[in-house]
1. Where residues in the stretch 434-463 are at pLDDT below 95 and among the β-branched types (Val, Ile, Thr), which of them is nearest to the chain's Cα centre (by Cα)?
2. Considering the stretch 271-311 alone, what residues qualify as being hydrophobic (A, V, I, L, M, F, W, C) and either within 21 Å of Gly258 (Cα to Cα) or not assigned by TED's automatic domain parsing to the domain that holds Arg131 (or both)?
3. Which members of the stretch 142-177 meet the condition of being assigned to a loop (DSSP other than H, G, I, E, B) and either touching an Asp or Glu at 6+ places or on another chain (Cβ under 6 Å) or more than 21 Å from Ser204 (Cα to Cα) (or both)?
4. Suppose we filter Gly369, Gly374 for residues that are loosely packed, with under 14 Cβ neighbours inside 10 Å and either at positive phi or of a type in the set (A, V, I, L, M) (or both); which single one remains?
5. Only one of these is more than 26 Å from Thr114 (Cα to Cα) and not acidic (Asp, Glu): Trp15, Trp36. Name it.
6. Quick one: is Ile269 buried (at least 22 other Cβ atoms within 10 Å of the Cβ), in contact with a strand residue (DSSP E or B) (Cβ under 9 Å, 6 or more places away or on another chain), closer than 26 Å to Cys90 by Cβ and of a type in the set (Val, Ile, Thr)?
7. Tell me, which residue of the stretch 100-126 that is in a helix (DSSP H, G or I) and touching a Phe, Trp or Tyr at 6+ places or on another chain (Cβ under 9 Å) is nearest to Ser364 (Cα to Cα)?
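The values are calculated or read from the model by the stated rules, or taken from the named source; none is laboratory data. Predicted model only: the values in this text are computed from it and were never measured. Cβ: placed from backbone, ideal geometry, glycine included. Neighbour counts: every protein chain shown.
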Amino acid sequence: MKNEKGLDITEKAYWVDKGQDMIRDRQRRINRAKNWKFDTVATHGLYDLQQALDYNNGSIMEPVYLSPAQAYHNSAEMEAGLAYEMPNWCYSRIANPSSYFLEETAALLETYGTSIEAGCIATSSGMSAIRTATDPFLVYDSRYPKPNIVTSAKVYGGTFQQFSVRRHQEEGIEVRWVTDPANPEDWASKIDDNTRFVYGEFPSNPSLSIFDIEKVADIAHKHGIPLIVDSTCASPALTRPITRGADIVVHSASKVIGASGTSICGLLIAKKNIPSKVGCDNMRSDFATWTKFWPFRDNGPNINPMAAIMILNDLRTLRMRVAQMSRTTMTVARFLENHPKVGKVNYPGLESFADKDIARKYMSLVDDGEPLFGHMLSIELKEKTPDDSRNARKFYDNLHMIWRATDLGRVKTVATLNAISTHQQQGEEGRKLADIKASTCRISCGVEDPVDIISDLSRALDTI
């Protein structure tokens, strides 16, 4: 069998040429999706009728490909595929159609409303997304013998541990903590010629700390290094850091993106042509694709195909869920702020929030413009001494409807005491850096009626 160019199916050139057709078709679908609204992109991604008819027996919904590897027509196709000279699924540790459906949709949503093109890698967890995003910048390079990273101290406890223990203690990489992320000078003062990347959460878990993404990106870029942002608690429905200057965004998609709570998943989204002092030109020009083909392939933090489709199904309704959850959280935050047994409420939508102007600059409901600030808040219960947690524990132990767990971003409201859960292992000194007190309680509001959430909180507060 030959194609219109006279190339035979047994020639590698035939399959390379076919691969170019596949790339052009993908670009056509990307260009079409760039003209859609957010909810349409979230619903369809790049999966269309022609793909369904050609490859998936007409299935309207993206199928789950529970297969480790694909079969090839012949040795020529295998050779072209495994040399990365044509798109293919080769092995699910590298690529799988189910994870591809999720990746393409996530990349489109993070660059929504712009001409920016990005790639995405779906990983087995949010922590593996962070590791995958940061590993390539920490390779040995004799020009920079003492690598360091600059990161906000106000990050999720697992991230703190990955940087503090895995990177610093075990690998000898210096970690420079920014304790006042809202102050650009704090970031600038920490960066030098050996800094490999800058990292922050927007907003942070659980203190809701934020920073000016554009200003910090400018600082990083002046030094020729990338800004990596964990935007888990905002999601692309409220904030899209890549469109504001960030180079790479990571998500624990197990949270609000996958709000049903069925799967663990991470996402890494990187725009094309990122700055870096180290690495090859291909890494800079298309970080996500290069990373998937090489270090990701070798390290193996891939997502299970079933989990990818479960997350994708939740992603379709992201904007409407985030809208309801955010409005509910604002109502709950106002109630708690006025309660006599609550010492402080951290929520970007409140007038009392120190960096409310930054929040309003970056956080609003996509395609709507309504200022909304997410599903998560934290409170500090009034205690007899700063290190006390007796009131916080009594309040927490008397929640009935609200779930006591370490989770967040669920359709069900969940609360946790961070000092004894998500941030326990980083120790007292680490918690002070992150401004997490013994009395801190993080509350992630779901889609329940706010009247019922407030009723449960009120009854628990009455027990103090």
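1. Ile436
2. Ile303, Met306, Ala307, Ala308, Ile309, Met310, Ile311
3. Answer for the stretch 142-177, where residues must be assigned to a loop (DSSP other than H, G, I, E, B) and either touching an Asp or Glu at 6+ places or on another chain (Cβ under 6 Å) or more than 21 Å from Ser204 (Cα to Cα) (or both): Ser142, Arg143, Tyr144, Pro145, Lys146, Pro147, Val155, Gly172, Ile173.
4. Just a single option satisfies the conditions, and that option is Gly369.
5. Selected residue: Trp15, the only one of Trp15, Trp36 that is more than 26 Å from Thr114 (Cα to Cα) and not acidic (Asp, Glu).
6. When the stated conditions are applied, Ile269 passes them.
7. Leu109
Each row is one residue, and each column tells you yes or no for (1) more than 29 Å from Pro147 (Cβ to Cβ); (2) assigned to a strand (DSSP E or B); (3) within 12 Å of the chain's Cα centre (by Cα); (4) without any contact (Cβ under 8 Å) to a residue 60 or more places away in the chain.
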residue: Glu185; (1), (2), (3), (4): no, no, no, yes
residue: Ala188; (1), (2), (3), (4): no, no, no, yes
residue: Pro203; (1), (2), (3), (4): no, no, yes, no
residue: Ile210; (1), (2), (3), (4): no, no, no, no
residue: Val216; (1), (2), (3), (4): no, no, no, yes
residue: Ile219; (1), (2), (3), (4): no, no, no, yes
residue: Pro236; (1), (2), (3), (4): yes, no, yes, no
residue: Ile242; (1), (2), (3), (4): no, no, yes, no
residue: Thr262; (1), (2), (3), (4): yes, no, no, yes
